[in-house]
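Visitor: Have a look at this one before I ask anything.
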Amino acid sequence: SMTRFDGDLRFENVSFHYPGKPEPILDNVSFHVAPGEKLAIMGATGSGKSTLLNLIPRIFEATEGKIYVGGVEVNEWGLKDLRDAIGLVPQQSILFTGSILENLSWGDVEAAPDELEEAAKKAQIHESIDLFPKKYGTRVGQKGVNLSGGQKQRLSIARALVRKPSILILDDSTSALDVKTEMALWESLEKEAATMLVVTQKVQTAIGADHILLLDEGKVVGYGKHADL
Ligand code: ATP
């Protein structure tokens, strides 16, 4: 069963260090994303962006501070419900050997083929799939077709959309997309009304966000609209 909530996200004085490593990777991070808002997260490589994202579905747990989704602390959530509600698209798309359809429905046996196709359309990958002779039955991974980096990213985004997440998190997941495709993607994601967190290196992408959070060595060094930073 899918748990929906309003997509509200709050970090309250969150600090984090990896187990067994003393150096703080996140240092007293606080911010709030209102339901339906789009937050761009920027910062140099190694500033803690991916780490911050991984704390939300509890891939790692905060060392100090609190994280709330839908007003409920993440530790209070059932792990499956939490992860169903949060669509995290990792930096490296993970596809396994199997058909495109299997890759899209991975972990969600309840999704019907037309729901998978709908998600693929939103992620701007349906047209590419439709050009393959076997369409959604096309095998990817070992011995399968070679997908481009941008196609893999869009397939990963589609997989996250299948679950209709209340918070969609894209960890640099649009880096390989051309400008036109990326614009079309944002346009269709906007209609989802989900809260979005988007790690990006592209200023153009950040400008389209409601707010930008700037990280430097695990600290928030900026928060606001693009024009204010
Ligand atoms: P990039 O833009 O390169 O993806 P980032 O801002 O996402 O970087 P993180 O991947 O969160 O940064 O890494 C932050 C710091 O945490 C880095 O110094 C990194 O080496 C360290 N780190 C990341 N993962 C682990 C881990 N599993 N164990 C220990 N240290 C880690």
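The values are calculated or read from the model by the stated rules, or taken from the named source; none is laboratory data. All figures in this text were calculated on a predicted structure; none of them were measured in a lab. For neighbour counting, all protein chains shown are included, and Cβ atoms are generated from backbone atoms with ideal geometry for every residue, glycine included.
Visitor: Considering segment 200-229 alone, what residues qualify as being more than 16 Å from the chain's Cα centre (by Cα), within 16 Å of the ligand (Cβ to nearest atom) and either closer than 21 Å to Ser128 by Cα or hydrophobic (A, V, I, L, M, F, W, C) (or both)?
Guide: Val203, Leu214, Leu215, Val220, Val221
Visitor: Let me ask you something else. Could you grab the pairs with beta carbons closer than 7 Å, sequence gap of 6+ or different chains, first residue in segment 19-31 and on the phi > 0 side of the Ramachandran plot, second one small (Gly, Ala, Ser)?
Guide: Asn28/Ser15
Visitor: Every residue in segment 32-80 that is more than 20 Å from Gln201 (Cβ to Cβ) and touching a Gly at 6+ places or on another chain (Cβ under 6 Å), please.
Guide: Scanning segment 32-80 gives a single hit, Pro35.
Visitor: Return only the number of the condition from (1) at pLDDT 90 or above; (2) more than 14 Å from the chain's Cα centre (by Cα); (3) of a type outside the set (A, V, I, L, M); (4) surrounded by 15 or more Cβ atoms within 10 Å (Cβ to Cβ) that Gly137 does not satisfy.
Guide: (4)
Visitor: Somewhere in segment 43-58, is a residue buried (at least 21 other Cβ atoms within 10 Å of the Cβ), under 19 Å from Gly224 (Cβ atoms) and more than 13 Å from the ligand (Cβ to nearest atom)?
Guide: No, that holds for no residue.
Visitor: Taking segment 11-41 as the region of interest, how many residues are in a loop (DSSP other than H, G, I, E, B), within 16 Å of the ligand (Cβ to nearest atom) and charged (D, E, K, R)?
Guide: Pass one, segment 11-41, residues in a loop (DSSP other than H, G, I, E, B): 17-25, 34-37.
Next cut, within 16 Å of the ligand (Cβ to nearest atom) only: 17-25.
Subset that is charged (D, E, K, R): 21, 23.
Number satisfying all stated conditions: 2.
Visitor: Do you know which of the residues in segment 164-199 that are away from the ligand (no atom under 16 Å from the Cβ) and of a type in the set (Gly, Ala, Ser) is farthest from His32 (Cα to Cα)?
Guide: If we take residues in segment 164-199 being away from the ligand (no atom under 16 Å from the Cβ) and of a type in the set (Gly, Ala, Ser), then Ala184 is farthest from His32 (Cα to Cα).
Visitor: Now for a separate question. Exactly one condition in (1) modelled with pLDDT under 95; (2) surrounded by 14 or more Cβ atoms within 10 Å (Cβ to Cβ); (3) away from the ligand (no atom under 16 Å from the Cβ); (4) farther than 17 Å from Leu9 by Cα is false for Ala158; which is it?
Guide: It is condition (1) that Ala158 fails.
Visitor: For residues in segment 59-83 being within 15 Å of the ligand (Cβ to nearest atom) and aliphatic (A, V, I, L, M), which is nearest to the chain's Cα centre (by Cα)?
Guide: First, the residues of segment 59-83 that are within 15 Å of the ligand (Cβ to nearest atom): 59-63.
From the residues that got through so far, the ones that are aliphatic (A, V, I, L, M) too are 59, 62.
Values: Ile59: 13, Ala62: 19 Å.
Filtering first and then ranking leaves Ile59.
Visitor: A further question on this structure: Can we say Lys143 is out of contact with any Cys (no Cβ under 9 Å at 6 or more places or on another chain) and either at pLDDT below 90 or at negative phi (or both)? Even if it seems obvious, please write down each step before you answer.
Guide: Details: out of contact with any Cys (no Cβ under 9 Å at 6 or more places or on another chain): yes; either at pLDDT below 90 or at negative phi (or both): yes.
Answer is yes for this residue.
Visitor: A further question on this structure: Out of Leu189, Leu214, Leu161, Leu168, I need the residue that is more than 26 Å from Ile94 (Cβ to Cβ) and outside any loop (DSSP other than H, G, I, E, B). Which one? Don't jump to the end; show me each part of the working.
Guide: Working: Leu189 fails: more than 26 Å from Ile94 (Cβ to Cβ); Leu161 fails: more than 26 Å from Ile94 (Cβ to Cβ); Leu168 fails: more than 26 Å from Ile94 (Cβ to Cβ).
None of the other options fit; the residue is Leu214.
Visitor: Here's another thing I want to ask about it. When you go through Gly65, Gly48, Gly70, Gly43 one by one, which is the residue that is free of Cβ contacts under 8 Å to residues at least 60 places away in the same chain, among the small types (Gly, Ala, Ser) and on the phi > 0 side of the Ramachandran plot?
Guide: The conditions single out Gly65.
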